[in-house]
Amino acid sequence: MAASSRRGRPSWGRRCDDTDMSGDAARALRYWDRAAGAYAARRRDACLSTASIYAPVVEALLGDVRDKRVLDAGCGDGRDARKLATAGAWVTALDGSTRMIALARRETSEARIEYCVADLTNPLPLRSRSFDVVLANMVLMDIPRVDVAIAEFARILAAGGVLVFSLPHPCFFCADWVHDRQGARLHKAVADYLTAKVAQLDFWGPTLHFHRPLSSYLDEMSGNGFVLDAVKEPMPTEDAVIQHPDLAHHRRIPSFIVGRARLLRFPTP
């Protein structure tokens, strides 16, 4: 999901805030329904995916999930849900895309997983205080209302529960590379970072990316009773770069950010 990919390069549209973005929810889900097959196929080929950069960090921050109740929010094709179930968790996996959920169910045999179609921009059909962990792995930038999603995560988590999240790094994803005369990447030109805006991407067919500054995510977490206790900006290992030289630029500028937030107080209704 590197911003430097010509095929996936953001095409920035209108500027807006979360409340203005609400009308894009249905369109975003329609795009993901169409992209589901290509997305799942890409995920099956680890060599073509930059997920190898951030996935180990996500797993480390999740820790031991045996017998924990885990919500996989925005589960996509169910890959993470299946890993969690194999690790001993009881998993509820939600996605707003009916096509994604159909693909996930087709690939799943684990009895520990329950799949459900649910839009993260609406109240979730889940009981309050019924989960130990929420995983939002590469999903919050795909939805127009993170305020609703994070408030719902706080509602369904038990006291002391954790939210583990990952994102394309908001500081750098929307920035273009500056190249030298030979075409080598020099640095990224960051501009207009603080303005929330919508981009259309094309990694596996058109999808929407909702850019907002990092503080927008952290403010929503803090306002809902979360305290951040880990933040990582992962990069590929030296061995990974030797095997896949196209990953080298990820060691210079972080493409992803991964965090863990703990629910230490319940938000006021």
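The values are calculated or read from the model by the stated rules, or taken from the named source; none is laboratory data. Because the structure is predicted, anything quoted here is derived from the model rather than measured. Note that we place each Cβ from the backbone using ideal geometry, even for glycine, and neighbour counts take in every protein chain shown.
Within region 106-121, take every residue that is polar (S, T, N, Q) and free of Cβ contacts under 8 Å to residues at least 60 places away in the same chain and give me the one that is surrounded by the most Cβ atoms within 10 Å (Cβ to Cβ). Write out each step before concluding.
To start, the set of residues in region 106-121 that are polar (S, T, N, Q) comprises 108-109, 121.
Then drop every residue that is not free of Cβ contacts under 8 Å to residues at least 60 places away in the same chain, which leaves 108-109.
Working: Thr108: 19, Ser109: 7.
The selected residue is Thr108.
Here's the yes/no breakdown for (1) assigned by TED's automatic domain parsing to the domain that holds Ala36; (2) of a type in the set (A, V, I, L, M); (3) assigned to a loop (DSSP other than H, G, I, E, B); (4) out of contact with any Cys (no Cβ under 9 Å at 6 or more places or on another chain):
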{"site": "Ile101", "(1), (2), (3), (4)": "yes, yes, no, no"}
{"site": "Glu110", "(1), (2), (3), (4)": "yes, no, yes, yes"}
{"site": "Glu114", "(1), (2), (3), (4)": "yes, no, no, yes"}
{"site": "Pro125", "(1), (2), (3), (4)": "no, no, yes, no"}
{"site": "Leu135", "(1), (2), (3), (4)": "no, yes, no, no"}
{"site": "Phe153", "(1), (2), (3), (4)": "no, no, no, yes"}
{"site": "Ala191", "(1), (2), (3), (4)": "no, yes, yes, no"}
{"site": "Leu194", "(1), (2), (3), (4)": "no, yes, yes, yes"}
{"site": "Trp204", "(1), (2), (3), (4)": "no, no, yes, yes"}
Please give the number of the condition Asp246 fails out of (1) in a strand (DSSP E or B); (2) assigned by TED's automatic domain parsing to the domain that holds Val164.
-> (1)
Evaluate region 83-105: report whether one residue or more is touching a Pro at 6+ places or on another chain (Cβ under 8 Å), surrounded by fewer than 19 Cβ atoms within 10 Å (Cβ to Cβ) and either among the aromatic types (Phe, Trp, Tyr) or at pLDDT 95 or above (or both).
-> no
Among the residues of region 198-232, count how many are crowded, with 16+ Cβ neighbours inside 10 Å, touching a strand residue (DSSP E or B) at 6+ places or on another chain (Cβ under 6 Å) and over 14 Å from Ala28 (Cα atoms).
-> 4
Give me the pairs, please: first residue somewhere in region 208-224 and over 30 Å from Arg34 (Cβ atoms), second residue anywhere and of a type in the set (A, V, I, L, M, F, W, C) and assigned to a helix (DSSP H, G or I), beta-carbon distance under 8 Å, and either six or more positions apart or on two chains.
-> Met221/Ile150; Asn224/Ile150; Asn224/Ala151; Asn224/Phe153; Asn224/Ala154
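Here's the yes/no breakdown for (1) in contact (Cβ under 8 Å) with a residue 24 or more places away in the chain; (2) at negative phi:
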{"residue": "Pro125", "(1), (2)": "no, yes"}
{"residue": "Arg129", "(1), (2)": "yes, no"}
{"residue": "Val133", "(1), (2)": "yes, yes"}
{"residue": "Ile143", "(1), (2)": "yes, yes"}
{"residue": "Val148", "(1), (2)": "yes, yes"}
{"residue": "Glu152", "(1), (2)": "yes, yes"}
{"residue": "Arg155", "(1), (2)": "yes, yes"}
{"residue": "Gly160", "(1), (2)": "yes, no"}
{"residue": "Leu167", "(1), (2)": "yes, yes"}
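Is it the case that some residue within region 137-146 is in a strand (DSSP E or B), under 21 Å from Asp80 (Cβ atoms) and in contact with a Phe, Trp or Tyr (Cβ under 9 Å, 6 or more places away or on another chain)? Break it down into steps so the answer makes sense when it comes.
Here is the first cut: in region 137-146, the residues in a strand (DSSP E or B) are 137.
Okay, now just the ones that are also under 21 Å from Asp80 (Cβ atoms), so 137.
With the extra rule that they be in contact with a Phe, Trp or Tyr (Cβ under 9 Å, 6 or more places away or on another chain), the set shrinks to 137.
Checked against the condition, which is being in a strand (DSSP E or B), under 21 Å from Asp80 (Cβ atoms) and in contact with a Phe, Trp or Tyr (Cβ under 9 Å, 6 or more places away or on another chain), region 137-146 yields at least one hit.
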Per the filter on region 83-100, residues touching a residue at least 40 places away in the same chain (Cβ under 8 Å) and under 15 Å from Phe131 (Cβ atoms) are Leu84, Ala89
